[in-house]
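Taking it in order: structure first as C-alpha cells, then the write-up.
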Amino acid sequence: MRVGVFALSAQFPGQGHTEALHRTLRTADAAEAAGLDAVWLAEHHFMPYGVCPQGATLAAMLLGRTRRIGIGTAVSVLPTAHPVTLGEQAALLHLTSGGRFTLGVGRGGPWQDLEVFGTGLAAYEEGFPEALDLLLRWLREPRVSADGPRYRFREVPVVPRADELEESSGPPVVLACTSPASVRLAAQRGLPMLLGMHCGDEEKAEMTALWRNTALALGRSPEEVARVAHVSAGLVQLADTERDAVEILTKAMPEWLRQGLAAHVTVDGRARRMRDVEEYTELLCRLHPVGTPRLCADRLAATAERTGISRFALLAEGSGDLTGTELNVARLGSEVLPLLT
C-alpha cells in the first residue's frame, strides 16, 4: 500500500494566499520526512477552495525542494491547457527529477476558466478525448502531428523526449474519473484512475470493476490489468480519540468549504446545486481515515480490500492550521504506516 498526501493549498477564512501556499510547501517537507509515498497537488482558478492555479509549476518547486518523494498533479485541468504545453512540462519534470513526477489530468468542470483561457465550453463537453490522446502521444512518440477537430499542426519533433530516462517510457499518467464515461476512457487508454474523496468504498469498487471489465473486453491481459494501480483521494485526521479528530475538522472545514465551493462560477450560467457543507464534512469524516491511528489504518485497509485500490492521496490540511497539518502528516507516517505493513 502506498500512502501519500493531497495538498489543495486551501485558503481558510482569515488566511492569505501566501499562507495557503506556504502550508503546501511545509506539507511536502513533512511528508518526505514521514516516509510517505507522494504529494499530490490540486489545481484551481479564481477561488479560495485552492489557490494553486498551476499544478505543474508548483510540482517543479517541490521536486527541487525534496529528494525522494514522488510529486504528482491531482489534477492538471486539460481543457484549459494546450496538450503539447502540458506534455512539455511533464517531460521536463520527469527527466530533471529522475522520474519522480506523475501527471494527473482531468476534465474539470464547466467553469469560467473556459472563458478566461479562451478554450470554450466545447473543450470541456466534447474535446477532452482528443486533447488526452494528443498529450499521451506527445509523451510516448518521437515526432507528433495533429489533424483533429481542435488541434491541427504539421509534424514536429518532441523535445525533450520523455522516454529518454533509463528504464522509463515517460512520466506516469493518471486520469481523474467521476463518471462511467470517464472510467471507460481511462480503461481504453490503459490509464490508472484517480477517484475523488466524495466517493465511498462501494462506488469506488463499482468504478474499479467497470475499469477492469472494460480493459479486459478490449483485449488487455489479466496481468496488465492487475498491474494498474488506481489512486483514491480522501481525508485524514489523526487524534487520540475519534471524537477529537472529528471535532478538529468540523470546526475548520465547513467555512472553508462554504466560501470555496461558492466561488465556482459556471461559464454558461447553468444552475448548480451547493452541498450542505456541515453534512459534507460529516460524510467525509465517516468515509475516510479520521480518528485514532488504529481506526485510520483499519479504514485504509478496508478500502483497499473492498476496492482493490493500493494508492491513497489523503488531504491532511483539514484543520487549516500549519502546525496541526505538519503534526497530522508526521503521525500518519509514524503511527499509521507501521500498522499497514
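The values are calculated or read from the model by the stated rules, or taken from the named source; none is laboratory data. Predicted model only: the values in this text are computed from it and were never measured. Cβ atoms come from the backbone with ideal geometry, glycine included; neighbour counts cover every protein chain shown. Heavy atoms of the whole protein, side chains included, go into the accessibility calculation; ligands, DNA and RNA do not. Shrake-Rupley method; radii C 1.70, N 1.55, O 1.52, S 1.80 Å.
Here are the numbers for this structure:
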| item | result |
| --- | --- |
| Selection from the range 131-152 of residues that are more than 19 Å from Gln89 (Cα to Cα) and open to solvent by 40 Å² or more (accessible area, probe 1.4 Å) | Asp147, Pro149, Arg150, Arg152 |
| Scan of the range 168-177 for residues that are over 16 Å from Gly72 (Cα atoms) and in contact (Cβ under 8 Å) with a residue 60 or more places away in the chain, ordered by number | Ser168 |
| Residue ranges of helices (runs of 4 or more DSSP H) in the range 78-125 with at least 3 members without any contact (Cβ under 8 Å) to a residue 60 or more places away in the chain | 83-96, 121-125 |
| Hey, Ala146 in contact with a helix residue (DSSP H, G or I) (Cβ under 8 Å, 6 or more places away or on another chain) and over 30 Å from Ala302 (Cα atoms) or not | yes |
| The range 196-251 - residue that is open to solvent by 70 Å² or more (accessible area, probe 1.4 Å) and among the small types (Gly, Ala, Ser) and, of those, farthest from Gly291 (Cα to Cα) | Ala217 |
| Residues located in the range 29-53, provided they are in contact (Cβ under 8 Å) with a residue 12 or more places away in the chain and either open to solvent by 50 Å² or more (accessible area, probe 1.4 Å) or over 27 Å from Gly109 (Cα atoms) (or both) | Asp29, Ala30, Ala31, Glu32, Ala33, Ala34, Gly35, Leu36, Asp37, Phe46 |
| Residues being under 25 Å from Ser232 (Cβ atoms) and either of a type in the set (Ser, Thr, Tyr) or open to solvent by 30 Å² or more (accessible area, probe 1.4 Å) (or both) - total across the range 54-79 | 5 |
| Qualifying residues in the range 263-289 (those that are open to solvent by less than 70 Å² (accessible area, probe 1.4 Å) and more than 21 Å from Ala313 (Cα to Cα)) - the one farthest from the chain's Cα centre (by Cα) | Gly269 |
